[in-house]
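**Student:** Dropping a structure here in structure tokens format, bear with me for questions.
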Amino acid sequence: DIQMTQSPSTLSASVGDTVTITCRASQSISSWLAWYQQKPGKVPKLLIYKSSNLESGVPSRFSGSGSGTEFTLTISSLQPDDFATYYCQQYVSYSTFGPGTKVEIK
Amino acid sequence: EVQLAESGGGLVQPGQSLRLSCMTSGFTFGAYIMTWVRQAPGKGLECVALIRTDTYGGTTQYAASVQGRFTISVDASKGIAYLQMNSLKTEDTAVYYCTRGRGLQSVYDYWGQGTLVTVSS
């Protein structure tokens, strides 16, 4: 089974900051990596698929990169609506989510 | 408008069974992969079962944690996905989300609101 890790587990930031979350896979997953945002009590929302493709309707301040085993999600100019938990997901083999990264207000 | 709506959750005792349903509308059911994803209280996301419709070969896959106890199925004519859960354990307590998987290797672009399953004596 492919295991996913994320770092950091919690990230404190201010509005306007640029933040980066890292996701690592236990083996190569090519570019089969997605990112989701989840706010408390809400349903997860797809942000990015195939490592760097922005889902329709998602603001351009979100971007993704990486291939193989290491990936990043970058949020430029953090907005109040962006404070949430972010999960990566590999989907090359079945589906596995990372443990999540909580982005909180500093 | 794409919609997914789960039902069937509730409180059961360990060892008992429960069947979840996911009614869908607004898309061609057979063109997508249906998946159940769960989230235990305060925890992360786990894909527990997926089913590829006939378009994608009609196969199923399960997480190791539920293999042999859970069964995913669909009624494509009605656009409904099911999750039959047997021999439930306390660690199965979670919100269960029905999701639509886009592509053979799927990202989950639409999610239902979830149904809570609580396994407790």
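The values are calculated or read from the model by the stated rules, or taken from the named source; none is laboratory data. The shown structure was predicted, so the numbers you read here are calculated from the model rather than taken from an experiment. Don't worry about glycine lacking a Cβ; one is built from the backbone with ideal geometry, like all the others, and counts go over all protein chains shown. Side chains are part of the model used for accessible areas, which takes the heavy atoms of the whole protein and leaves out ligands, DNA and RNA. Shrake-Rupley method; radii C 1.70, N 1.55, O 1.52, S 1.80 Å.
**Student:** Enumerate the calculated ³J(HN,Hα) couplings along the stretch B:76-85 in order (Karplus 6.51 cos²θ - 1.76 cosθ + 1.60, θ = phi - 60°), each rounded to whole Hz, writing x wherever the residue is Gly or Pro.
**Tutor:** Ordered by residue, 3J(HN,Hα) equals 5, 5, 9, x, 10, 10, 10, 9, 8, 10 Hz.
**Student:** Over chain A, what percent of the accessible surface lies on carbon and sulfur atoms, probe 1.4 Å?
**Tutor:** With neighbouring chains kept in place, the figure for chain A is 45 percent.
**Student:** Over both sides of the A-B contact, add up the buried accessible area with a 1.4 Å probe and give it to the nearest 100 Å².
**Tutor:** So the buried area, both faces added, is about 1600 Å².
**Student:** Another question, if that's okay. Give me a comma-separated list of calculated 3J(HN,Hα) values for the stretch A:95-106, in order, Karplus coefficients 6.51, -1.76, 1.60 applied at θ = phi - 60°, integers in Hz, x for any Gly or Pro.
**Tutor:** Each residue's phi maps through the Karplus curve to give 7, 9, 9, x, x, x, 10, 8, 9, 10, 6, 6 Hz.
**Student:** Roughly what percent of Cα-Cα pairs across the protein assembly as shown reach past 22 Å?
**Tutor:** Above the 22 Å cut-off, the protein assembly as shown has 51 percent of its Cα pairs.
**Student:** Ok, one more. Just to be sure I understand: of the beta bridges DSSP finds with both ends in chain B, what percent are antiparallel, rounded to 5?
**Tutor:** Around 95 percent of the beta bridges assigned by DSSP in chain B are antiparallel ones.
**Student:** Continuing with the same structure: Put A:32, B:111 in order of accessible area, largest first, 1.4 Å probe: what do you get?
**Tutor:** A:32, B:111
**Student:** What residues have an amide H closer than 5 Å to that of residue B:114, excluding those fewer than 5 places away on the same chain, when H is modeled at 1.01 Å from N in the peptide plane?
**Tutor:** B:6, B:98
**Student:** Also: Where Lys and Arg each count +1 and Asp and Glu each count -1, what net charge lies around residue B:34 among other residues with Cβ under 10 Å from its Cβ?
**Tutor:** Its environment carries a net charge of +2.
**Student:** In addition: Please calculate the 1.4 Å probe accessible area of residue B:60, with all protein chains present, and give it to the nearest 10 Å².
**Tutor:** Ignoring ligands and nucleic acids, residue B:60 comes out at about 60 Å².
**Student:** Next question. What nm distance separates the two modelled labels at residue B:89 and residue A:30, each placed 7 Å from Cα along Cα→Cβ?
**Tutor:** 3.3
**Student:** While we're looking at this one, here's another question. For the stretch A:56-63, just list the computed ³J(HN,Hα) in residue order, Karplus coefficients 6.51, -1.76 and 1.60, θ = phi - 60°, integers in Hz, with x standing in for Gly and Pro.
**Tutor:** Result, rounded to whole Hz: 4, x, 8, x, 6, 6, 8, 8.
**Student:** Please give the Cα centre distance for the stretch A:41-61 versus the stretch B:9-70, rounded to the nearest Å.
**Tutor:** Each part's Cα centre sits 22 Å from the other's.
**Student:** Under the Kirkwood approximation for Rh and a Cα-based Rg, what ratio Rg/Rh is obtained for chain A?
**Tutor:** On the Cα set of chain A, Rg over Rh gives 0.94.
**Student:** Another question, then. Which of the cysteines found in the protein assembly as shown have nothing to pair with, since no other Cys Cβ lies under 4.7 Å from theirs?
**Tutor:** B:47
**Student:** For chain B, what are Rg and Dmax over the alpha carbons, in angstrom?
**Tutor:** Looking at chain B, its Cα Rg and Dmax stand at 13.5, 42 Å.
**Student:** Pairs A:50/B:89; A:102/B:89; A:39/A:106; B:43/B:78: which exceed 24 Å Cα-Cα?
**Tutor:** A:50/B:89; A:102/B:89; B:43/B:78
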